[in-house]
Structures are given as structure tokens and as C-alpha cells.
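Undergrad: Submitted below is the structure of interest, expressed as C-alpha cells.
The values are calculated or read from the model by the stated rules, or taken from the named source; none is laboratory data. Everything numeric in this text was worked out from a predicted model, so none of it was measured. Positions of Cβ are generated from backbone atoms using ideal geometry, with glycine treated the same way; all protein chains shown enter the neighbour counts. These area figures cover heavy atoms from the full protein model, side chains too; ligands, DNA and RNA do not enter into them. Shrake-Rupley method; radii C 1.70, N 1.55, O 1.52, S 1.80 Å.
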Amino acid sequence: MNYQNVRQWLETLGKEKDLAVIEAPVDPYLELAEIHRRVIEEGGPALLFTNVKGTPYPVATNLFGTPRRVDLAFGPRPEQLIKSLIGATETLLPPTMSALWNERGLIKDILKIGMKTVPEQEAPVLAVKFTENPLKDLPKVTSWQADGGPFITLPLVYTESPSNPKDHNLGMYRIQLYDDQTTGVHWQIHKGGGFHYYEAEQQNQPLPVSVFIGGPPALIASAIAPVPEHLPELLLASLILGGKLPMTDNPLGGHRIPAEVEFAIQGLVPPYERRLEGPFGDHYGYYSLAHDFPVFHVKHMWRRKDAIFPATILGKPRQEDYYLGNFLQQLLSPAFPMIMPSVRSLWTYAETGFHALTAAVVRESYSREALVSAFRILGEGQLSLTKFLMLTNRPLDLSDFTETLEAVLERFNPTTDLFIFNKTSHDTLDYTGEKLNHGSKAVMMGIGQPIRELPRTYEDGDIPGIDQVIPYCRGCLVVSGASYEREPSLAERVMHHMDSRNTAWPMIVLVDDAAEVSATQTSFLWSVFTRFNPATDIFAAAEVRDHHLSYKLPLVIDARMKPGYPDVLIPREDIVEIVDKRWKQYFGKTTV
């Protein structure tokens, strides 16, 4: 399981017959992405494109696009080690000789975590150096037709705090290729690299930046892990790897480099320089729009002698990031109760882009303690970007959204258990708010014993303006009628009508196509939670009591597409036809 680099991982996938090598010429503009999307939709193999137009480098995609591949890449050991570490906080405090002896295996594993230095002459990444037009030959992978250009989609962006080099960040922030020596850097709010850049700007200094591509699968995973702000991602990579991470000094100075990466791109991001970045088809399933972002000026690039270019393709869930993200949640979930003692378990939903929806099982040892947990969650690192937070104290499998929603709706008291906070920060990729990075949050609590029996079938008769009525689960009704452009006030009218009927349905969701949205958990989560802003799109009768908004059922959520929302990602028809015609050229007689 301790794969040291991408090529070792590809070799294993080949032996496992879980790798398709595509030798036919493939255009990195749209064609490569369409092939990838079809293969991942069918649960197909990893892909190695060896003849990509315009570049000498093979491109590897879909490296982690199934649960089996994720299990094969990382195995159970990292999760077991983290559970053991958490457990040791109880057995080793206070430390005794007998306790230390009983944990000697764990201590041995801990001593393996860290970094080790590899001499420059032995570091594969330092085989070839480019200083003139260093980005010229990189694959120009463009995933969607409205993208602002080609992007590096698996970049491991490394920065250090200008005031404290030990405070470093390794994050996956997309890199738009502008030309042969300049890129954009999509630093989102509340991410470590963005904090470092803000600090550098306050000092009017350029920020040194390194972009690594490839390396051990553990390094790639650690770059997207939602770790606490000051926990070094390189240490997490070492923990997942099961040994010290090989690092080498850069002969040209600057950041040290993971010795086994495929490429290391290094340069500076000047203060206060911005350039239009995007649009980009992202993991929300829509285009994130063009905005001004910092500019990365590349000074040089190192690469392996026979470098392979790993990439991924983002889009409507489920894509490759879904499987990798869920692995990281399972890996890190044992740490949540240690960081937030009143939180028993927590889950963010990949189908919603992660930040749009979070659920947690919390402690309720005294009345309203759940609200304390809500504020604690919303104040923790990237969880602070959560848009909709559901809480219960009933133990359950939070990844099963239907069970979770039903547990909350059974216990939810609308007069005391719904809080909507307007004028808050929003995930940069979520466009349901009033402007970029601005929106609202909602906290919905279902604590204690059930207070209602949830309906299973709809028997309330016709709803004016509604042509589809379909139960998603017990207590949650999905309805559709006119589009938002035609009937912007339809959600409010539905709320008043259902209130007048004294409906037993506590939650009603208005969508564009009820049949499509209610079909699966993935379609429901994606269509609903990426298409509403709590402050403007939740409708319920309410009154103010002692500065508290007291709501009345039903709650109606307007999750229709609205003016200003980005377009849903749809492949270009002519590219679809090209891939249809060439399918056997890619895979021969192999069925994928």
C-alpha cells in the first residue's frame, strides 16, 4: 500500500487489470475529458493516455475513481492508525511505564511519521530543469467548452507563512495556464494558501509558491484533506504513506521538493496583481464564473526524466473527487470528537460539493447544548463554510442522508430549532448567495424523542401551480411546477396553501423536475443543496418573539434554478459524437 509515486501506483493498477492504456491520439481540448467522464460513469478503470496532442507527456486520469481503487491505494492502515492515536490520548494520559509499553507498536508507527532528506542527485524530480518557457510542453487539458482555458486540475500548491516558514500549507487550488510562464491561482477564502498570500500582501511582498504534480497517492490525498488549519499536510501525507516522506533541496533555492513528484513548478505570486481567472467547470456540477485572482509567475520547473502528468476531470457528482473526499472523511472522522468534544460524528456530503451540507450527531447533556455544537462546527476551519447544518443526538449513519433527514424531521420543533443567519461568508464556488463569497447559513436541529409521525404518502390533494408531487422520503415532499423565471413567488404560494391545509409534511422542496430530483440520493442532494440560499429561499410562516424568529410548518425550500446561477455542465455535442465514433480506437475490443 506504500506507493512512493504515481508510476508505482499505475504499475499496480496494470497488474490488477484496472488500467486502460490509450495509445490512440487524443486531443486534450474536451476529447480527453469526455472519455474520462464516460469511463468513470461506468465505474471503469484508470486511464493512461500515451499520445496526447501537443505534449510529450502521458496523461493519467481516474486514478481514484472507484471505491476499490481508493481501498487499494490507501488500505485500512491509515484509518486504524488515526483511531489508535485518538485512543492513546486516553490510555497515555497520564503516561506510565506500563501504558507506554502497551502502546509500543503505536509509538513505533508514530516515529515513522515525518520527512527525510534525499540527496539532490538521488531525487527523481530533479532529472530535468526548465527555465525558459517552463510551462510550454505541459498538457493543455480543457475539460468543458466554456472553460477560460486549460487548467492543471491536480495541482499540489505549496506555500509557507512569510512570518513563520514552519506554518506551511499544501492545498489543491486549481491552476489556469495563461501562457508558457504565467498562471492563475484560485485561492478560495478560508484556505491556508490564501491566508499566506494575504499575509504577504500586507507586507507588500511576493509570496514564493511551488506547484507539485504527482508524487505518492498519499501526497495527493493530503492536499485536499480538510485538516485543522495548523496541521501540516505533509505530516498527514507521511501518516497515510506509512513512512517518512522523501524531500530534497532545490538546487536553485527556495522550497524543498517532495523527491518523488513528477513535476515541481516554482515561482512568485506578486502582491496586489490580479487577472481574470475562469470560468471553470467545477465539482459543484456548474461553471464557476470568471473573477480576478492572483497571478503566479513561474521562474523554473523541474521534472522526472520520464514524467507522467496526473489530472482529473471535475463535473456533476459523482466524479473522482467524490471517492477521494469520502475516504478522507472516514480517515479523519475519529478526530472530530477530540477537536470538538460535543460532536460524536460528522459528515459532509460530496454530492453537494461538500460545503453546502453538513450533518452531525451531537451530545445533548443539557438543554440546548446542540446549539453550542452548531457554533463550534461553524467555527472550525473549512467547516465554517457550511451552508446548511443538520444536527441530531440520535446515533445513526450520517452518510445515509434519507435516514438522517427523517431523524431530524421527526424531532424538529420549528419554533425553536431553526436558525437562519444572513450576511455570512459563502464558499467561493457557491453562487446561490447575493454576491461572490457572501450568502447565508441555516442550522436545523432534531434533538430528543420524536414529536411527530412523518407521512409516507401524499394525500392532501392538488396544489395550485404544481404539476408533480413526489415523496422523497418520510416527511419530505418534492414538488415542481413553473420555472423561477415564470413564477418567482411560487414557493411562497405553496407554503401558504399547504399551511392552510394543515399539511402533515414538515418539509416541501420546490424543484424544476420532481421526478428527476427525487430519483436517488445523489440527484436529490445535488439538485437541492446547490440551488438555494437559506435566507432568501426558505419560506415559512414566522413571528418574532424576544428577538427570536419562531417558525411554523411547513418549511418550503425553493431549489429551482434562478437568474444569475451558473450553467449546468453539459458536454458539447460534436465532442460527444467524436468520442462515439472513436471509442473502439481508444479501447479496441475491450468493453469499458
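Undergrad: Here are the criteria: (1) modelled with pLDDT of 80 or more; (2) at negative phi; (3) out of contact with any Phe, Trp or Tyr (no Cβ under 6 Å at 6 or more places or on another chain). Tell me which single one N62 does not satisfy.
TA: (2) is the only condition that N62 fails.
Undergrad: Based on what the data block shows, is G588 over 30 Å from W347 (Cα atoms) and not β-branched (V, I, T)?
TA: It is true that G588 is over 30 Å from W347 (Cα atoms) and not β-branched (V, I, T).
Undergrad: Which one is farthest from A491 (Cα to Cα), of the residues in the range 517-557 that are of a type in the set (D, E, K, R) and either in the same structural domain as L436 (by the TED database) or surrounded by fewer than 16 Cβ atoms within 10 Å (Cβ to Cβ) (or both)?
TA: D546
Undergrad: Would you check if there is a residue in the range 233-256 being of a type in the set (S, T, N, Q) and not in a strand (DSSP E or B)?
TA: Taking every residue of the range 233-256 in turn, at least one turns out to be of a type in the set (S, T, N, Q) and not in a strand (DSSP E or B).
Undergrad: So, in the range 416-456, how many residues would count as being of a type in the set (S, T, Y) and either over 29 Å from K562 (Cα atoms) or open to solvent by less than 20 Å² (accessible area, probe 1.4 Å) (or both)?
TA: Residues that pass the stated criteria total 4.
Undergrad: Sticking with this structure for a sec: Hey, A356 hits all of (1) part of a strand (DSSP E or B); (2) open to solvent by 10 Å² or more (accessible area, probe 1.4 Å); (3) touching a residue at least 60 places away in the same chain (Cβ under 8 Å) but one; which does it fall short on?
TA: It fails just one condition, (2).
Undergrad: List pairs: first residue in the range 156-168 and assigned by the TED database to the domain that holds F296, second residue among the aromatic types (F, W, Y) and modelled with pLDDT under 95 anywhere in the structure, Cβ distance under 8 angstrom, at least six positions apart or on different chains.
TA: That search, which allows pairs on different chains as well, returns S161/F195.
A quick yes/no check of all residues on (1) of a type in the set (K, R); (2) over 29 Å from Q329 (Cα atoms); (3) at pLDDT 75 or above:
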site: P94; (1), (2), (3): no, yes, no
site: N102; (1), (2), (3): no, no, no
site: L106; (1), (2), (3): no, no, no
site: E120; (1), (2), (3): no, yes, yes
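Let's see how each residue does on (1) among the aromatic types (F, W, Y); (2) buried (at least 20 other Cβ atoms within 10 Å of the Cβ):
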{"site": "L324", "(1), (2)": "no, yes"}
{"site": "F336", "(1), (2)": "yes, yes"}
{"site": "I339", "(1), (2)": "no, no"}
{"site": "S345", "(1), (2)": "no, no"}
{"site": "M390", "(1), (2)": "no, yes"}
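Undergrad: Provide a single number: the residues in the range 475-503 that are assigned to a loop (DSSP other than H, G, I, E, B) and surrounded by fewer than 17 Cβ atoms within 10 Å (Cβ to Cβ).
TA: Going through the range 475-503 one residue at a time, the tally reaches 9.
Undergrad: What pairs can you find where one residue is in the range 326-345 and of a type outside the set (V, I, T), the other is in a helix (DSSP H, G or I) and open to solvent by 50 Å² or more (accessible area, probe 1.4 Å), and their Cβ atoms are less than 6 Å apart, with a gap of 6+ or different chains?
TA: L331/E79; P334/K83; M340/R376
Undergrad: Restricting the range 169-219 to residues that are acidic (D, E) and within 18 Å of F151 (Cβ to Cβ), which is most open to solvent (accessible area, probe 1.4 Å)?
TA: Here the answer is D179.
Undergrad: Scan F375, F401 and give me the residue that is free of Cβ contacts under 8 Å to residues at least 60 places away in the same chain and aromatic (F, W, Y).
TA: The match here is F375.
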